[in-house]
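Colleague: Structure incoming, see below.
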Amino acid sequence: MTTIPRSVCRKGQVTLEALLVLAAFFAFLAIWAPLSESVRERMIQHSDGLEASSALSRLSYAAEEAFLLGNGNAREVRVEALAGKALRVSDGNLETDGASATGRFKAKDGEIAVPEGGEITVSCCSANGDVEFRVSTALPSVR
């Protein structure tokens, strides 16, 4: 009968303990990975909402500025954060899904569909005492 040296037994025990620690780590990851994904999605939604709110504030400020300066004044605002959303305009209010901004300007009530993709620019033009909004997208650059 052959005997196994103690050093080999100890190495086997260390390997087994390392495998148990690794299994515990993977079990921890299996539990927390789905939770961290939902937290990440909520953070992205919150960030998108803040970006949309910021874009609406900039747009409201530009509309107010064009309105106060009178007929013929125009301002352009890049609003990529509003891509694919509907921009609702009422007298002094701008709204989109989950975000809104108010300003001191007169505008006709309406809804503007902001297209997806590209550089999106909203033009505010003061004409006949009202601010008019126009949406345009930049042409893709040729390289």
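The values are calculated or read from the model by the stated rules, or taken from the named source; none is laboratory data. Small disclaimer: the values here were computed from a predicted structure and weren't measured. Cβ placement follows ideal geometry from the backbone for every residue including glycine, while neighbour counts extend to all protein chains displayed.
Colleague: Out of all the residues in region 45-59, which are farther than 14 Å from residue 83 by Cβ and of a type in the set (A, V, I, L, M, F, W, C)?
Modeller: Correct list: 50 only.
Colleague: Still on this structure, I have one more. Do you know which of the residues in region 47-87 that are in a loop (DSSP other than H, G, I, E, B) and not small (Gly, Ala, Ser) is farthest from the chain's Cα centre (by Cα)?
Modeller: My answer is 71.
Colleague: Could you tell me which residue of region 93-103 is modelled with the lowest pLDDT, considering only residues that are crowded, with 16+ Cβ neighbours inside 10 Å and touching a Lys or Arg at 6+ places or on another chain (Cβ under 6 Å)?
Modeller: Filtering first and then ranking leaves 96.
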